[in-house]
Amino acid sequence: MGKFSRLGNDLYTGRRSLDFVGRRPIWYGVSIVLVALAIAAVLIKGLNFGVEFTGGTQYKATLSSSATQDDADAVREAIGEAGIEGAETPSVVTAGSDSLTIKVGELSPEATEEVADLIGDTVDVSSAISIEEIGASWGQAVAERALLGVAVFLVLVMLFIWGYFREWKMSIAALVALLHDIILTVGVYSLSGFQVTPSAVTGLLAILGFSLYDTVVVFDKVRENTQSLRRSGQTYAEATNLAVNQTLVRSINTSIVALIPIGAILWVSAVQLGASSLQDLALAQFVGTAVGVYSSVVLAPRLLVQLKSKESDVQMADRRARAAAKRNVDPYASVPAFVEDMPVPDGPALELDDDDLEERDERDGSASRAPQPSMGATGRGRVVPKPKSETRSTGASGRAQPARQPRSKRGRK
């Protein structure tokens, strides 16, 4: 843990950095491939909707003794092996301490009675088996309500992020990340064959909230780092990548803490208890939590940088940072070489800041130059003093020198 703590401190201070923002082709390529596979799985295999969405028949059997998972497994196998149309993949779960709930697809009246007889022959029931028909219209209404709930959630997400950050581009990046999480979660449901029930929709909304929370934390750090780009000397992409590294350890720790109990629930519900409503909820939360961390760390910041790259302020900050980096590498690279007829400015030397240097570079089409010292002050304030004694020209020095005379003749005319 000590090494992990030091790594987290190095990532936060910037001594070490993982390039999440700069490697755009890699991260975009991974996301596109995952999304394409998820969409292909849904189109080819489809989703296994529960009877709540498609309509069907629900049985409730009260046993004369305690209902166990062995009883549920036995009923599931008996109905599945009977080969009844519409009841090939029944859902059997325990309900309370002495009841079983069995859900199958739409059945004919004869098939309905046959399934009821199979249940009575497999387990010892204490009373008549209750049969409830779930219409397809009701299931369609549930599906429409679920889609409406997801749409309202996404709209509220955009409004919240726009109001909090005052930045609509952050809303777009967060929305794309959420759609990415939804598609991948639905794709996993298609590949796993788990039933899509109202519990799965509830879990989906829950993990969207977790993903949004993680994205907001990262964006808040991005806003903090990009408020003073002029003083920090960083580009917008560098400041954003630093923000991702600074929140990386927090994101990993939060996801691990969330995934451990969700994974335990998924294992118990899918392996120990068989098919149940818990596994629908746990699968959505497990997949969504893992995918949400990926999208908030890799996808959303990279997309935000790309959306902001066309802004004039961001472009100016990027040019300023690149010019400063060039000067730091070779401080004498900006000093011009002397050439004949070099223009010399009149007047005092000018103090130019980074913006002035960049504007002059764009106008002249050359590298930034250091301000030239003024030559106008040469010779000012200098007066040739009067000689105190007689002078004469000499060939050695090429200028007048004091004449040396014997001491006896000094001062005499």
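Any read-out appearing in this document is the output of simple, stated calculations on the displayed coordinates, not a laboratory observation. This structure is a prediction, so every number in the text was calculated from the model and none was measured. Note that each Cβ is placed from the backbone with ideal geometry, even for glycine, and that neighbours are counted across all protein chains shown.
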>> Below 8 Å, C-alpha to C-alpha, sequence gap of six or more: please give me the relative contact order for the stretch 147-294 in percent.
In response: 32
> Whose amide H sits under 5 Å from the amide H of PHE49, counting only residues 5 or more places off or on another chain, with H placed in the peptide plane?
Replying inline: VAL196
>> Please give the Cα centre distance for the stretch 211-268 versus the stretch 75-126, rounded to the nearest Å.
In response: 48
> Hey, got the dipole for the stretch 56-134? About the Cα centre, +1 on K and R Cβ, -1 on D and E Cβ, debye to the nearest 20?
Replying inline: 320
> Any idea what the relative contact order of the stretch 56-134 is, in percent, if you count C-alpha pairs under 8 Å spaced at least 6 apart?
Replying inline: 49
> Say each of THR202 and ASP73 gets a label point 7 Å from the Cα, pointing the same way as Cα to Cβ; how far apart are those two points in nm?
Replying inline: 2.6
> When ranked by the protection proxy of mean other Cβ atoms within 10 Å per residue, highest first, what sequence do the peptides 207-213, 111-117, 258-264 form?
Replying inline: 207-213, 111-117, 258-264
> If amide H atoms are built 1.01 Å from N in the plane of the peptide, which residues on other chains or at least 5 residues away come under 5 Å of the amide H of SER99?
Replying inline: LEU63, ALA67
> What does the highest-first list of 290-297, 189-196 look like by mean Cβ count within 10 Å?
Replying inline: 290-297, 189-196
> If each residue's Cβ is checked for other Cβ atoms within 10 Å, how do THR89, THR247 rank with the fewest at the top?
Replying inline: THR89, THR247
> Of the listed peptides 166-173, 101-108, what is their order by residue-averaged count of other C-beta atoms within 10 Å, with the highest listed first?
Replying inline: 101-108, 166-173
> At a Förster distance of 56 Å, what's the computed FRET efficiency of GLU144 paired with ASP313, Cβ-Cβ distance as r, to 0.05?
Replying inline: 0.80
